[in-house]
Amino acid sequence: MKLRLLTGLMMGTLMSVVMSGFITLVNTGFDSQFHIRWATAWVLAWLIAVPLAVLVGPIARRWAERLAGM
């Protein structure tokens, strides 16, 4: 359970940082307020991504193992 939570926390954090930054940049461009928009988007994304990664991660792993024939 500890590994599952830690993995979900790390995966959700990394994915939300990268995705929110990229989408914010594409949608609004880079200017002096970019970091504020990115931080706001990241907090919202993190609140969704971490619980989702914790809950869905094990299911995705089982599906991947089946597809890989494991």
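The values are calculated or read from the model by the stated rules, or taken from the named source; none is laboratory data. Not measured: the values here are computed from a predicted model. Backbone-built Cβ (ideal geometry, glycine too); neighbour counts: all protein chains shown. These area figures cover heavy atoms from the full protein model, side chains too; ligands, DNA and RNA do not enter into them. Shrake-Rupley method; radii C 1.70, N 1.55, O 1.52, S 1.80 Å.
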Net +/- balance of residues flanking Ala53 in space, Cβ distance below 12 Å, scoring K and R +1, D and E -1: +2
Dipole of the chain, positive direction: furthest Cα of Leu25, Ile59, Gly69, with charges on the beta-carbon: Gly69
The chain, accessible area per residue, ligands and nucleic acids excluded (1.4 Å, Å²): 79
Accessible area of the chain belonging to carbon and sulfur atoms, whole % at 1.4 Å probe: 78
Inter-label distance for Leu25 and Leu67, nm, one decimal - labels placed 7 Å from Cα along Cα-to-Cβ: 2.7
